[in-house]
Amino acid sequence: MFFQIIEVLGTFAFSISGVLVALEKRMDAFGVLIIAFVTSVGGGTLRDVLIGQTPVTWMENMIYVYVIIVATIFSIIFRKRIDYLRVSLFLFDTIGIGLYTVVGIEKGLAIGLHPIICIALGTITACFGGVIRDILCNEIPVIFRKEVYATACILGGLTYFLLRELPIDNNIVFVISGSVVIAVRLIAVKFKISLPSLYRD
C-alpha cells in the first residue's frame with residue numbers, strides 16, 4: 001500500500017510538472033494532457049519494458065490515468081494562482097524524481113536484479129519521463145545538461161542500499177532515500193553546483 005502511495009504521489013507531481021511546461025509552450029488542452037501523461041509515466045513505461053513487465057503498470061491500474069487527469073485539470077484551473085511558474089515546475093519535478101527513484105529501485109529488487117542495475121532502473125524511472133517531455137517541447141533535456149539531476153537519483157539510490165544494511169523499517173528507507181534525492185537537487189540549484197563542463201566557455 002505504501003509503495004503504491006509513493007508511486008501515485010510521484011505520478012501527481014510529474015503530471016503537474018508536465019502541465020506547467022506545456023502551458024509555458026501555450027499548447028492546447030489535448031497537448032497539455034499528452035505532455036502530462038508522458039512526463040508522469042514515460043520513465044516507468046521504459047522501466048517496465050526493460051524488465052519485461054507487460055502490460056506496463058499504468059495499463060493495469062487505472063488509478064494512474066485518473067491521477068494524471070485530475071492533476072492536469074487541477075493545474076489548468078489554478079495555473080494563475082501558481083506564482084513563479086518556473087519555481088513551481090522545478091519543485092514538482094524535483095519531488096517527482098525523488099519519489100520515482102525509490103519506486104524504480106524497488107521494482108528492480110522485486111525481480112532480483114543487482115543493486116547497480118536497480119539504481120540504474122530508479123534513475124531511468126525518475127528521469128526519462130522528463131526527457132520525453134523536454135524533447136516533445138523542443139527543449140534540451142535537463143539530464144543532458146550540467147545540472148545535478150541524474151546524479152541526485154544515483155546518490156539517493158546509494159543511500160537506499162546503505163540504509164538497507166541497517167535495522168530500519170523499509171518504509172523509512174523509502175522516505176529517507178527519496179528525501180536525499182530531493183535535498184541534493186535543491187542544494188545543487190541553490191548553491192549553483194553543477195557537473196564539470198567538457199567545453200570551454
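Calculated FRET efficiency, E24 and M1, Cβ-Cβ r, R0 25 Å, to nearest 0.05? Don't skip to the end; give the middle numbers.
Values: r = 35 Å, r/R0 = 1.42.
With a Förster radius of 25 Å, E is 0.10.
Can you give the FRET efficiency to the nearest 0.05 for S179 and V8, using r as the Cβ-Cβ distance and R₀ = 25 Å? Walk me through the numbers on the way to the answer.
Working: r = 18 Å, r/R0 = 0.71.
Efficiency at R0 = 25 Å is approximately 0.90.
Would you calculate the separation in nanometres between label points at V49 and L198, each defined as 7 Å from the Cα along the Cα-to-beta-carbon direction?
Distance between label points: 2.5 nm.
Straight distance only, please: which aspartates and glutamates reach the Cα of K190 with their own Cα at less than 16 Å, same-chain residues fewer than 8 apart left out?
Once the sequence-local aspartates and glutamates are set aside, what remains near K190 is D93, E147.
Pull up the cross-link candidates among the aspartates and glutamates for K25, meaning alpha carbon to alpha carbon under 14 Å and not fewer than 8 places away within one chain.
Partners found: D134, E139.
Using only the Cα atoms of the chain, build the gyration tensor, take square roots of its eigenvalues as a ≥ b ≥ c, and label the shape rounded, prolate or oblate: rounded if a/c is under 1.5, else prolate if a/b is larger than b/c, else oblate.
Working: a/c = 1.62, a/b = 1.20, b/c = 1.36.
Oblate shape, in that a/c is at least 1.5 and b/c is the bigger or equal ratio.
For L162 and I69, what is the calculated FRET efficiency with R₀ set at 30 Å and r taken between the beta-carbons, to the nearest 0.05? Could you put the intermediate results ahead of the total?
Details: r = 38 Å, r/R0 = 1.26.
The pair L162/I69 has a calculated efficiency of 0.20.
Let's see if you can work this out: charge +1 on each Lys and Arg Cβ, -1 on each Asp and Glu Cβ, no other charges. What is the dipole magnitude of segment 54-129 about its Cα centre, in debye to the nearest 20?
Working: 5 positive and 4 negative charges, 64 e Å.
Dipole size: approximately 300 debye.
Could the peptides 103-111, 64-72 be put in order, highest first, of the mean number of other beta-carbon atoms found within 10 Å of their residues? Display every interim value, and only then the final one.
Details: 103-111: 21.9, 64-72: 18.7.
Descending mean neighbour count gives 103-111, 64-72.
What ³J(HN,Hα) values, in whole Hz, does the Karplus curve 6.51 cos²θ - 1.76 cosθ + 1.60 give for segment 168-175 when θ = phi - 60°, with x put for Gly and Pro?
The phi angles translate into 10, 4, 4, 5, 5, 4, 4, 5 Hz.
Ignoring ligands, DNA and RNA, what percent of the accessible area of the chain is carbon or sulfur (1.4 Å)? Intermediate results must be reported in sequence, preceding the final value.
On the way: 7360 of 10780 Å².
In the chain, the share of accessible area belonging to carbon and sulfur is 68 percent.
Spin-label point model (7 Å from Cα, Cβ direction): what's the F78 to V56 distance in nm?
2.7
The values are calculated or read from the model by the stated rules, or taken from the named source; none is laboratory data. Please read these numbers as outputs of a predicted model, since none were measured by experiment. Neighbour counts are summed over all protein chains in view; Cβ atoms, including those assigned to glycine, are modelled from backbone coordinates with ideal geometry. Side chains included, ligands, DNA and RNA excluded: accessible areas come from the protein's heavy atoms. Shrake-Rupley method; radii C 1.70, N 1.55, O 1.52, S 1.80 Å.
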